[in-house]
1. Pull out all pairs, ordered by first then second residue, where Cβ-Cβ is under 6 Å, the residues are six or more apart or on different chains, the first lies in the stretch 83-96 and is assigned to a helix (DSSP H, G or I), and the second is of a type in the set (Lys, Arg).
2. Can you report the number of residues in the stretch 309-318 which are more than 10 Å from Thr264 (Cα to Cα) and open to solvent by 30 Å² or more (accessible area, probe 1.4 Å)?
3. Check every one of the strands (runs of 3 or more DSSP E) wholly within the stretch 205-265 and list those with 2 or more residues that are open to solvent by 10 Å² or more (accessible area, probe 1.4 Å), away from the ligand (no atom under 16 Å from the Cβ) and modelled with pLDDT of 95 or more.
4. Taking the stated definitions as given, is Gly391 modelled with pLDDT of 95 or more, open to solvent by less than 20 Å² (accessible area, probe 1.4 Å) and not assigned by TED's automatic domain parsing to the domain that holds Val213?
5. Out of (1) open to solvent by less than 10 Å² (accessible area, probe 1.4 Å); (2) within 16 Å of the ligand (Cβ to nearest atom), what's the single condition that is false for Ala527?
6. Out of Ala666, Ala601, Ala605, which single residue is open to solvent by less than 50 Å² (accessible area, probe 1.4 Å), farther than 30 Å from Gly699 by Cα and aliphatic (A, V, I, L, M)?
7. Identify the residue in the stretch 58-77 that is in contact with a Ser or Thr (Cβ under 8 Å, 6 or more places away or on another chain) and touching a residue at least 40 places away in the same chain (Cβ under 8 Å) and, among all such residues, is nearest to the ligand (Cβ to nearest atom).
8. If I ask for residues that are part of a loop (DSSP other than H, G, I, E, B) and of a type in the set (D, E, K, R), which ones from the stretch 100-118 would you list?
Amino acid sequence: MSTFTRAGKEIQKRIRSFSGPLTESLVREPGAYGLGQVPSSVAPEATTSMVCGFCATGCSLNIHLRSGEATNLTANFDYPVNRGMACPKGWEALAPLKSNERATTPMLREKRGEAPRPVDWQTAAETFRDRFNPIIDEHGPESVAFLSTGQICSEEMAFLGSFAKFGMGMIHGDGNTRQCMATAVRAYKESFGFDSPPYTYEDFEESDVIVLVGSNLCIAHPIMWQRVLQNKRSPEIIVIDPRRTETAMQATQHVPIKPKSDLTFFYGLAHLLIDKGLLDNDFIREHCDDFEAFAEHVKDFTPDRVAEKSGIAIEELNALAELIGSGKRVSFWWTMGVNQSYEATRTAQSIINLALMTGNIGKPGTGANSITGQCNAMGSRLFSNTTNLLGGHDFEKEADRDKVAGILEIPTERIPDQNSLPYHAIIEGVNSGKIKGLWIIATNPAHSWIGREDFAAVLDNLDFLVVQDMYSTTETAACADLILPAAAWGEKDGTLINSERRIGIVKKVAKAPGEALTDFSIIKLLANVWGCGDWFKKWQNPEAAFEILQKLSKGQPCDISGIDGYRQIDEEGGVQWPYPAGTTKTEKQRRLFSDGEFFTANKKARFVYDTIGEDPEPPCNDYPMRLLTGRGSSSQWHTQTRTRQSAVLRKLGPKENYVELHPADAGSLGVSSGELITVASRRGSIQIKAFITSTVQKGTVFIPMHEETTNRLTLPSFDPHSHQPNYKSCAVKVEKRIS
Ligand code: SF4
């Protein structure tokens, strides 16, 4: 019996009126494209569970269906991540699917300045081919690029990266994970030999001392914070953050370091730990390299120097060093306050160094633990084929290219032997005219890119811009020549990998609107019309693609070849990597490095350190204050393309953007709370409501990142190792007048 609804049959009829091989393929394999299809993997009247598609916590939600459509959801009590809890975004996860801003049909803009018109998929796919191909022919493969995302399934992002690079011949493709996790990736690779967050969430409950750095867990990762609260060991909770955040207010200690003093501060703590002999010398000797040189390096970071730079008194520095050095189970956690900096990688490694020198790794309640942002940032890190070759391989290594080509059954020559440009260099390439064609998938850089005052003008430089998204109304989609309407989370099958390396499952529990297709199906269509569909014929559906990913991972630290497909992931509450063939252990919580062996050639971790970098834009006479940015509330997600579609989430979040200003600064400016004021940087100027609060330090202001105005101010500067944008700091002036 057909699984198609009436709408699906209409679409089928229309597809039959097309001609050509693409049409035949659509008609022959309708199920593989999912047009208007009733959910196939779930019974029509059922409750099924799947992981949330917002953040990297990876909570599981029970989805309740009636007549094959998701009607409601509850949090899953049996899942080892969230144990019956969900944050507001999770509870409202179905609402964004119903928005009338959904992209429902491909849209083509014939000329810039004209409104786009709806077209059928045949026209869309042929336009994609006929506009990209001449650019590549005339200007070479480096004249086109793609920007991927941490928001789609691993199978989709791997297919996307494979088609773009191996099929279309692109060299350059990066993802929006560059904006959040690139620093952790680079730091782990250099220190541990592979991008390997070592922890499991149980470590929140097993620690005696929890050190949170640049992480407002209460707001950004509320369910992880709930796990902290479930710790029965009465832990010391230390928050190191220039702002007195919601998390800092709940902590046992808040250490309000001055902005951008973090690297000096952590080198200073290392200095004190060495001075006080609070080291795990056996662990350092047996499992680490380069400690002596590191110890020499931190000799200069005397308590006087560190106190002066960080604003933390010497007695407090000593007390903190003793707490960390004498704690049996100390865990270090960091997120964007560290990652989004001009010296982010070395700061992350300064935290890793503290864990290594005190032996706090590989044991319950320990670890140097980066917390991920997007629901599938970890999937992107392993499988997006952007900066790593699929499965954590290396584009520049011939053996890796041969291995991947063999598994995919494609010619090795199709695999680029050079790394992609990082995100900011792609944008610079667009700006300079070197990159002329760009394909953006499930991300909204016209809102989120750093220092984006003239971003629309940058995109206008392109000869051809394709935006593939679930909404046609994002700031980026508004600039597109071609919009490809994509199914959302809940409208497709696949897997996501959370912060603790747990692979979780997502399922199709709702129909995508109109003619929207899953990202997987869109890529399949584009590959077929491009003429390289045969190379991807094994990528029949997401589960078949997952089997390919398993093969690609074999022999890598992230080996998942032993997982018994989607069935095991679904039945066992997710599966953490690694899970190589032959694995029989099925503990629900697994951490890395319990054997003291790292992923470097000699299996030892490395102490990595550097000189202190120069602040690219410190406050000055003209711009005397420092702007910090970050998450505003737990009901808002990034550029709010989804969360603003929920009436509940809109009510829970602030109605408009605001700037937090210290009472002393407000007093000297004569500004009252609620007053509209001007905040200006060298890039731009915005009018914004003042919110007077002592949670920010004197001389600093804080603006949430969720409104598009914020990034008119930020400074496009980047960590030299990870190329992650330095969102957290730039110089601004605040004026009472409205310009
Ligand atoms: Fe979803 Fe993250 Fe909220 Fe959990 S914490 S419900 S994964 S948004």
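1. Pro96/Arg642
2. The number of residues fulfilling the criteria is 6.
3. The strands (runs of 3 or more DSSP E) meeting that bar are 236-240, 253-255.
4. Details: modelled with pLDDT of 95 or more: yes; open to solvent by less than 20 Å² (accessible area, probe 1.4 Å): yes; not assigned by TED's automatic domain parsing to the domain that holds Val213: yes.
It is true that Gly391 is modelled with pLDDT of 95 or more, open to solvent by less than 20 Å² (accessible area, probe 1.4 Å) and not assigned by TED's automatic domain parsing to the domain that holds Val213.
5. (2)
6. Working: Ala666 fails: farther than 30 Å from Gly699 by Cα; Ala601 fails: open to solvent by less than 50 Å² (accessible area, probe 1.4 Å).
Ala605 is the lone residue from the list that is open to solvent by less than 50 Å² (accessible area, probe 1.4 Å), farther than 30 Å from Gly699 by Cα and aliphatic (A, V, I, L, M).
7. So the residue we want is Gly58.
8. Scanning the stretch 100-118 gives Glu101, Arg109, Glu110, Lys111, Arg112, Glu114.
The values are calculated or read from the model by the stated rules, or taken from the named source; none is laboratory data. Because the structure is predicted, anything quoted here is derived from the model rather than measured. Virtual Cβ from ideal backbone geometry, glycine too; neighbours counted across all protein chains shown. Ligands, DNA and RNA are stripped out before the accessible areas are found, and what is left, the full protein with its side chains, is counted by its heavy atoms. Shrake-Rupley method; radii C 1.70, N 1.55, O 1.52, S 1.80 Å.
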